[in-house]
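Participant: Next up is a structure, given as structure tokens.
Bear in mind that the values in this text are calculations on the coordinates, not laboratory data. Please read all numbers here as calculations on a predicted model, not as lab measurements. Cβ placement follows ideal geometry from the backbone for every residue including glycine, while neighbour counts extend to all protein chains displayed.
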Amino acid sequence: MKRILIGALFALPALTAMAGDFTASLSIAPEWRTDNRDSAYFVAPPVVPVQHRSARQDLGLRFRDGGFNAQGTLRVLAREGQTPEQHGIVNQFYYDGDLGNGSGYTFGRKVISWGVGFGFRPLDVIQREDRRSLNPPPLTGVPLAAWEHFSADKAFTLVWTHPGHRHEATDFRDQSLAARYYRLVDGNDIHAVARLSGRHALEAGAGITHTSGEEWAFHAAALYQQRYSKTFNTLAESGGGILAAANPMQEVMRRNGLKAVLGSQWTGTSGFGVLVEAWYDAEGYSRNEWRRLDALTARQRSLNGMAPASAINGNVAWSSRAFERPNLLRENLLLRLSHDDERWKPALELLVTPRDGGRVITTRLEYQSDRQRVSFGLRFLGGAADSAYAQAPIKRMAYFEWRLALL
Amino acid sequence: MFKNALALFASLLATLIALPALAADDIAALLKRADGYRLLEESVRIETLVESYRGDTLDKERRYTVYIKPGRRSLVLMKSPAEAGQKVLMLGDQFWLLMPDTQRPLRITATQKLLGDASTGDIANMTWSDDYDGKVVDEVDIKGRRCLHLDLSAARPGVTYARIGLYLDKASKLPIKADLYVHSGKRAKEAWYEAKTVDGQLRVMSMTLLDDIQAGRRTVVRYQSIVALAAPDEFFNPAALVRNTLAGW
């Protein structure tokens, strides 16, 4: 892979001679994590591998010629205690064709983002992007065939995602038929989406974005899911035994779920901005669901000395997968303060989970020059001692990213 | 002595008579003539180079392709490596931004639409007659030219500048200079227009913006080509920003 990366770098000048638009960028993004050793969910290595340090090095390539679009990443991923991994990723590879009269079609792997919102986007029924990642890599699209029609103020899109797949175990391979209607009405963006799939059955929702004056923007969106998923520890939910011999974290499909977001953003001429957003995600845990998991974990910890440590640690490690969801709780509030003076972009974010008093503080600083972008961020998880975020096995995170536009 | 006083009085009287006549003049027609030096056709594609200077040192360059259509519709495609793939759509008072990594048009407010030292309005708005109203307040000499001084106020929300002091060559109505005021009432920039004869027609081919807020900053907006071209209406649909490469346009 290293040879491929070096070869690709040397080949860049030749690629620029090709017809079409070709861009390339190089990025180096180390990330650091600090354990929360006070958490009942913290399990030391080797049961849960330590990843205090990791680094992502990407050579991003993008090519566009007419309707043909390709975006790929050559990645070297190094994690503490592990052999570096090399990946070749096809982020997007699609063809946009024109049928005339404002109609067109698309075949291939494409990123389709339909969401309304900043911290949470319920209407992203196809891309399902984790908006709370600290420094996410470029998005990878989904295989699809689509037909679109545009007029001056309306748009309609019909998409068949993951054609031919029958795998319904995850959202990422769930074959579906989805539609989006967009209309610009009196300066308001109106969105409506619907999706039919084997995993979620019917999902339908709508959203609006409205600007008021020159400084205020408001947005709202809601999505109904006929079926939605949650991953529970069956021991916690059933009140049965204390230790399981096999992974007790089971995905459960429930009926009639709701996802919703409501937000407002103010941006002043000075470049300062304030965003306030509240959202509800039925796929997050309720306060009582966390209490039951906390109680099970406490019971498991109380067996220290009475049961094999490997059994206790293994069970706690399984339970700690509950922290992998983007939204740990259903109810969330986000406050974001930012400033934009073109080159420097500082931001401070406070995420609060009002049901349990948890909080996540994130600071970011980005510098952008003609060809380079440098960004740095810190995230602190905490809040009330029994809140989900305060009990997360990770306490602090930091990242740095240097990105260079090569072409 | 009496003759001189009489001549002065007559001159003052003529000016007093002439100014109301100018004020009563169709200001829209005056602005239309001035607009004609910047935008020869209603639907155009403009290749724009923006050079930002700190003192006399070139700080950065940005390239934009701008599509303009009647109805206050503009689409800006950013071409420089640091911004490649970004698009800004302006529909009247409404703005959308597309970042290439997100593939999702983002609704932005008027105050979020700044593009570095030159605002989107500086790049995408090539006319005054649709957005401003006002009157001729006096006549002044600028660089040896007799100029009409127009005091213009925004006739609609969402325009980049709330007030403009515009100076037009009295004879030709060619734009010479403008004082650009933001909504707080503060003068933000001073604009100087440079015209050249292209294809036998006098055209504004560059604009130099002197920043009042950040002293020593100078931005030169060069219109490298202006081609009459009417891109299809659906290209100006916010939902179509992701799809449209405008290849061939």
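Participant: Any chance you could list P(r) for the range A:150-209, counting all Cα-Cα pairs in 10 angstrom bins from zero, rounded to whole %?
Facilitator: Over the range A:150-209, the share of Cα pairs per 10 Å bin runs 22, 42, 25, 10, 1 percent.
Participant: Related question: Please compute the length gained on full extension between A:PHE376 and A:ALA307, using 0.36 nm multiplied by the number of residues separating them and subtracting their Cα-Cα distance.
Facilitator: The span from A:PHE376 to A:ALA307 would gain 20.4 nm if fully extended.
Participant: Output the DSSP H helices from chain A with an along-axis C-alpha extent of no less than 18 Å and a mean Kyte-Doolittle hydropathy no less than 1.0. List each step's numbers first, then the result.
Facilitator: Values: long enough: A:2-16 (22 Å, 1.42); A:287-301 (21 Å, -1.79).
Those that pass (Cα extent of 18 Å or more, hydropathy at least 1.0) are A:2-16.
Participant: Excluding residues on the same chain fewer than 8 positions from B:LYS69, give the lysines whose Cα lies under 17 Å from its Cα.
Facilitator: B:LYS32, B:LYS87
Participant: Additional query: Using all C-alpha to C-alpha distances in the range A:248-407, build P(r) with 5 Å bins and read off the rounded percent in each one.
Facilitator: Calculated P(r), rounded to whole percents: 2, 8, 13, 15, 15, 14, 11, 9, 6, 4, 2, 1, 0.
Participant: So, one more: Along the three principal axes, how long is the protein assembly as shown when you take its alpha carbons, biggest first, rounded to the nearest angstrom?
Facilitator: The principal-axis extents, from largest down, are 120, 50, 46 Å.
Participant: Indicate the gyration tensor shape class of the range A:256-326 (rounded, prolate or oblate), computed on the Cα atoms with a ≥ b ≥ c the square roots of the eigenvalues: a/c under 1.5 is rounded; otherwise a/b larger than b/c is prolate and the rest oblate.
Facilitator: Working: a/c = 4.29, a/b = 2.62, b/c = 1.64.
Prolate is the answer for the range A:256-326, as a/c is 1.5 or above and a/b outweighs b/c.
Participant: From the P(r) of the range A:163-319, can you give the percent of Cα pairs sitting at distances over 24 Å? Intermediate results must be reported in sequence, preceding the final value.
Facilitator: Values: 6837 of 12246 pairs.
Everything past 24 Å amounts to 56 percent.
Participant: By its C-alpha gyration tensor, with a ≥ b ≥ c as the square roots of the eigenvalues, how is the range B:200-249 shaped: rounded for a/c under 1.5, else prolate for a/b larger than b/c, else oblate?
Facilitator: Details: a/c = 3.66, a/b = 1.59, b/c = 2.30.
Oblate, since a/c reaches 1.5 and b/c is not below a/b.
Participant: Measuring from label point to label point, each 7 Å out along Cα→Cβ, what is the A:LEU348 to A:ALA78 span in nm?
Facilitator: 3.4 nm
Participant: Taking 60 Å as R0, compute the FRET efficiency from the Cβ-Cβ separation of B:LEU58 and A:THR231 and round it to 0.05.
Facilitator: Working: r = 56 Å, r/R0 = 0.93.
Between B:LEU58 and A:THR231 the formula returns 0.60.
Participant: Which of the three applies to the range B:45-144, rounded, prolate or oblate, going by the alpha-carbon gyration tensor with a ≥ b ≥ c and a/c under 1.5 meaning rounded? Please report the intermediate quantities before stating the final value.
Facilitator: Details: a/c = 2.32, a/b = 1.31, b/c = 1.78.
It comes out oblate by the Cα gyration axes.
Participant: Then there's this: Just to be sure I understand: with springs between alpha-carbon atoms less than 10 Å apart, which residue in A:ASN101, A:ASN135, A:ASN256 has the highest mean-square fluctuation in the Gaussian network model of chain A?
Facilitator: A:ASN101
Participant: Determine the sum of side-chain charges near A:LEU275: Lys and Arg each +1, Asp and Glu each -1, restricted to other residues whose C-beta is under 10 angstrom from that of A:LEU275. Walk me through the numbers on the way to the answer.
Facilitator: On the way: positive: A:ARG336; negative: A:GLU277, A:GLU349.
It works out to a net charge of -1.
Participant: Moving on to the next point. Debye calculation, C-alpha points only, no solvent: report log10 I(q)/I(0) for the range B:27-240 at q = 0.11 Å⁻¹, in the same order as the q values.
Facilitator: Values, matching the q order: -0.51.
Participant: Give the calculated FRET efficiency between A:HIS87 and B:ALA171 to the nearest 0.05, with a Förster radius of 51 Å applied to their Cβ-Cβ distance. Write down the numbers at each step before the final one.
Facilitator: Values: r = 68 Å, r/R0 = 1.32.
Efficiency, rounded to the nearest 0.05: 0.15.
Participant: On to the next question. What 222 nm value per residue comes from the helices of chain A, counting each DSSP H run with n ≥ 4 as -39,500 (n - 2.57) and dividing by all residues, nearest 500 deg cm²/dmol?
Facilitator: That comes out to -3500 deg cm²/dmol.
Participant: Once you've got the Cα coordinates, tell me which of A:LYS345/B:LYS189; A:LYS154/A:LYS230; B:LYS60/B:LYS177 are over 28 Å apart. Let's see the in-between values first.
Facilitator: Details: A:LYS345/B:LYS189 23 Å; A:LYS154/A:LYS230 36 Å; B:LYS60/B:LYS177 24 Å.
Beyond 28 Å between Cα atoms: A:LYS154/A:LYS230.
Participant: Which FRET efficiency, nearest 0.05, do B:ALA155 and A:ALA44 yield, Cβ-Cβ r, R0 51 Å?
Facilitator: Details: r = 68 Å, r/R0 = 1.34.
Step by step, r from the Cβ atoms, then E = 0.15.
Participant: Over the range A:119-255, what relative contact order in percent results from Cα pairs under 8 Å that are six or more residues apart?
Facilitator: Details: 257 pairs, mean separation 20.6, N = 137.
Answer for the range A:119-255 is 15 percent.
Participant: Given labels modelled 7 Å from the Cα in the Cβ direction, how far is it in nm from A:ARG321 to B:VAL137?
Facilitator: Between A:ARG321 and B:VAL137, the label points sit 7.1 nm apart.
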